[in-house]
Amino acid sequence: MIRKLPLLPTLVVGIAVAIMIALGFWQLRRAGEKEALLARYRAAQNMPPISFPTSPIHSDRLPLFRYSTGVCLRPVSRRSTAGQNRHGEPGYVHIVECSTGAEGPGMSVEVGWSKNPNVALNWPGGPVSGIIAPDRKTRLRLVAATAPPGLEPSAPPSIDQIPNNHRSYAVQWFLFALIAAVIYVLALRKKLKDEATKP
């Protein structure tokens, strides 16, 4: 006679395995979306330059990695964050928040790089050109092609720095599901075997 499976443990393990498999397929979908996004960024690098956008743009339409020009009418504030110069040296990139007119969110300009996060910066603004890069604070910033005195040009944004690990994450979730199922089957077989040998 076939022994009945323990209901609660089997249900718990079954739900856990199903969730892990679903997460694996979700990561595969994310991998496809990321590949399409990276393809769009690569295509943007070959498009004609545009004026730096100073009006709100939906997140999925940001013109990242595209050549652009803009005018900083007046520097408003500045900040620095970790970054590299064009030779790959670590240090700090200096970002200036600019006014572009009476309305609009303005623009963020990465004016250059230095070893010193508090280096003196004498940049009055004006026309600037470069490549649009993602920015955690303002969503996008213009990485200037040239730097003012006292700074070196920053490393241009690189698509190669954007990770696409979703396929490896998917494999991990599928392996977790397989391991959980195998462990449960082995434990269940041992339990049933022990019960069968009892008098």
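The table for this structure:
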| read-out | value |
| --- | --- |
| Max mean-square fluctuation residue, GNM over the chain, Cα-Cα springs under 10 Å, options Tyr92, Tyr184, Tyr67 | Tyr184 |
| Gaussian network model of the chain, springs between alpha carbon atoms under 10 Å - residue of Ala120, Ala177, Ala147 with greatest fluctuation | Ala120 |
| Directionally averaged projected area (convex hull, Cα atoms, the chain), nm² | 17.2 nm² |
| J(HN,Hα) series, the range 86-96, from Karplus relation 6.51 cos²θ - 1.76 cosθ + 1.60, nearest Hz, glycine and proline x | 6, 9, x, 6, x, x, 9, 9, 10, 10, 10 |
| Residue-normalised accessible area of the range 61-199, given per residue in Å² at a 1.4 Å probe | 60 Å² |
| C-alpha long axis of helix 7-44 to longest principal axis of the chain, angle in ° | 30 degrees |
| Long-range HN-HN contacts of Gly106 with modeled amide H, under 5 Å | Thr100 |
| Within a Gaussian network of the chain (alpha carbon springs, distance under 10 Å), most fluctuating of Pro153, Pro63, Pro127 | Pro127 |
| Computed [θ] at 222 nm, deg cm²/dmol, the chain (DSSP H ≥ 4; -39,500 (n - 2.57); rounded to nearest 500) | -13000 deg cm²/dmol |
| Table column - 3J(HN,Hα) (Hz), the range 114-130, Karplus curve with 6.51, -1.76, 1.60, x for Gly and Pro | 7, 6, 9, x, 10, 4, 5, 10, 10, 10, x, x, x, x, 8, 9, x |
| Portion, in percent, of the accessible area of the chain that falls on carbon or sulfur, probe 1.4 Å | 62 percent |
| Degrees separating the helix 166-197 axis from the principal Cα axis of the chain, which is the longest one | 20 degrees |
| Charge dipole (debye, nearest 20) of the range 1-155; +1 at Cβ of Lys and Arg, -1 at Cβ of Asp and Glu | 560 debye |
| Lys/Arg +1, Asp/Glu -1 at C-beta; the chain dipole; positive extreme among Leu121, Gln45, Gly32 | Gly32 |
| Solvent-accessible surface (1.4 angstrom probe) belonging to Val185, in square angstrom, nearest 10 | 80 Å² |
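The values are calculated or read from the model by the stated rules, or taken from the named source; none is laboratory data. What you see is a predicted model; the values in this text were computed from it and never measured. Virtual Cβ from ideal backbone geometry, glycine too; neighbours counted across all protein chains shown. Keep in mind that these areas ignore ligands, DNA and RNA; they rest on the heavy atoms of the full protein, side chains included. Shrake-Rupley method; radii C 1.70, N 1.55, O 1.52, S 1.80 Å.
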